[in-house]
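As structure tokens, the structure follows; a few thoughts come after it.
Read-outs: derived from the displayed coordinates by stated rules, not from any lab. Quick caveat, the model's predicted, so the values are computed rather than measured. Glycine gets a Cβ as well: all are built from the backbone with ideal geometry, and neighbour counts include every protein chain shown.
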Amino acid sequence: MDSPTSESACAPSAADPALVVQALLGKLQPLIESGRLDNLVDLASIMSDMVDMLDAAMVEKLAGLFEQATTLSWAAGNALRMAKAQTQALEAPDSLYGLLTLLREPDTRRGVGLMLRAMNIVGRQL
């Protein structure tokens, strides 16, 4: 069993602040030389600014945006999985006429309309 004296021989004691500071500087030296400590200080500054900017309204808005992004990604992923399963179930690929007959289905027309409207909006924003 280790005695208290064997622990103090391995690590600087809390009673000797000079050894603690020297050990800390020894560990920080590679970060200082490579400039990575500056990155850590910048990151801490950014985090501090974010905490200052976050109020209840901002947190609520960010939560809403996260929920919308999650819903959109789930819906898109689900649609792609279903389309992939349906496509793999086909014995042969659809002919061009077969693809055009898909436009007779209301769900297909809704999806195409949605994509065309989205592309229209993207085009206006450019």
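Calculate one ³J(HN,Hα) per residue across region 51-61 by plugging θ = phi - 60° into the Karplus curve 6.51 cos²θ - 1.76 cosθ + 1.60, and present them in order as whole Hz with x for glycine and proline.
So the Karplus estimates, Gly and Pro as x, are 5, 5, 7, 6, 10, 4, 5, 5, 5, 5, 5 Hz.
Would you mind calculating the gained length between S34 and E60 on full extension (0.36 nm times residue separation, minus the Cα-Cα distance), in nm to one decimal?
Values: separation 26, 0.36 × 26 = 9.36 nm, distance 3.94 nm.
Between S34 and E60, full extension yields 5.4 nm more.
In nm, give the distance between the simple-model label positions of L99 and Q125, each being 7 Å from the Cα along the Cα-to-Cβ direction.
2.8 nm
Using the 10 angstrom Cβ neighbour count as an exposure proxy, how do L114, L19 rank, fewest first?
L114, L19
If one computes the Cα centroid of region 35-55 and of region 99-122, what distance in Å separates the two points?
The two parts, judged by their Cα centres, are 45 Å apart.
Considering the values (i) 14.4, 44; (ii) 14.2, 46; (iii) 30.2, 86, which represents Rg and Dmax of the Cα atoms in Å as calculated for the structure under consideration?
Derived directly from the coordinates: (iii).
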